[in-house]
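As structure tokens, the structure follows; a few thoughts come after it.
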Amino acid sequence: MILQSLYKTILKRPFFKGQDRIFHFLFKNNRFSKAKVIVKPMIGNFKIECDPTTWIGAKIVYIGDYEASLKQVFDKYIAKNDHVLDIGANIGFHTLYFAELVGQSGKVTAFEPISFNYSALIRNIRLNNFPQINPQNIALSNKNETFQITADATSNNPGSFNLFEKNGDVTVDCKIGDEFLIDEKINFIKIDVEGYEALVIAGLMQSITKNLPYLVFEYDQDYHLKTGLEPNYIFNLLKPLGYQFYLIKRTKQIAINNLNQLLSGNILAKPLKK
């Protein structure tokens, strides 16, 4: 208990040089508690149940945040009454933050296809009594299909799975985003789906064309190439609509001038008309 408190004292503060290295060492060497715990993050007034044996859970418990660099983007581009899509919601850390940003008159539609992550998402929504969150136990894609994948609930990163290896014992139900979200007004979309981002966006192009929402998505060229699509496929879909692209760094967003040099990172797609 004393050691756990010491780890939090060292780590739970705004980013400092060496923070990630210390966290990684402690996590890799199993120094953190193995008991699930309900905590409040450093930023936000919600509560969340975390499993510190997982990468995301440990980050939230011991550092007090997860993907902190995205918060500045969320704060800037999400407003009260907005409708936000959280595609790849996992246990709901960003989902709950979105719910606070949009307020009870707004809406957050959270998609999480993996059953054990979805169960955790539901528990965290109920823990905060957020009626503005609409959880969906499905994946979004460019076609309607159901397939089996391997996803390990005991992994230290249960949000990491491969949608391209379609064998295993976990059923994933995929829906075309535009068909599922007919006539929905959409203001902001966050996508983190382990390399499946291109297919999600392809299935949402009617909604994106109509609403011109801000998008934040994870891009990893190695994962993306598993789709068989060209490296710049996502960007070529969005550029004709007037989108500009920015690489999200810790304290700023850097304009991407050469897509061919982009290997990985969290991307902000910003419509010029807004």
Exercise. Taking θ as phi - 60°, what are the ³J(HN,Hα) couplings along segment 168-181 by the Karplus curve (6.51, -1.76, 1.60), each to the nearest whole Hz, with x for Gly and Pro?
Worked result: x, 10, 10, 7, 10, 9, 9, 10, 5, x, 5, 6, 6, 10
For this session: Would you list which lysines come within 27 Å of K40, measuring only between C-alpha atoms, while excluding same-chain residues fewer than 8 positions from it?
Result: K8, K12, K17, K28, K59, K71, K76, K80, K107, K190, K249, K252
Exercise. Can you give the Rg to Rh ratio of segment 167-274, both from alpha-carbon atoms, with Rh computed by the Kirkwood formula?
Worked result: 0.97
Exercise. What does the convex hull of the alpha-carbon atoms of segment 2-63 project to on average, in nm²?
Worked result: 3.9
Exercise. Any idea how far the Cα center of segment 1-57 sits from the one of segment 177-248, in Å?
Worked result: 32
Problem set entry | In segment 77-151, trypsin sites (Lys or Arg not before Pro) in a DSSP loop with at most 14 other beta-carbon atoms within 10 Å | K80, K143
Exercise. Local charge sum around N236 (other residues, Cβ-Cβ under 15 Å, Lys/Arg +1, Asp/Glu -1)?
Worked result: -1
Seminar exercise, completed: Long-range amide H partners of G106, meaning residues 5 or more apart or on another chain whose placed amide H is closer than 5 Å, are N81
Problem set entry | Simple Cβ-charge dipole of segment 54-121, Lys/Arg +1 and Asp/Glu -1, about Cα centre, in debye nearest 20 | 80
For this session: Quick one: dipole size for the chain, taken about the Cα centre, charges +1 on Lys/Arg Cβ and -1 on Asp/Glu Cβ, in debye to the nearest 20.
Result: 1280
Seminar exercise, completed: A correct Karplus calculation of ³J(HN,Hα) over segment 263-273, with 6.51 cos²θ - 1.76 cosθ + 1.60, θ = phi - 60°, whole Hz and x for Gly and Pro, returns 9, 6, x, 8, 10, 9, 9, 10, x, 5, 6
Problem set entry | Efficiency of FRET from Cβ geometry, T9 and T171, R₀ 41 Å, rounded to 0.05 | 0.45
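Each value in this text was obtained by applying a stated rule to the coordinates, not by laboratory testing. Only a predicted model underlies this, so the values are computations on that prediction, with no experimental measurement involved. FYI the Cβ positions are ideal-geometry reconstructions off the backbone, even for glycines, and counts take in every protein chain you see.
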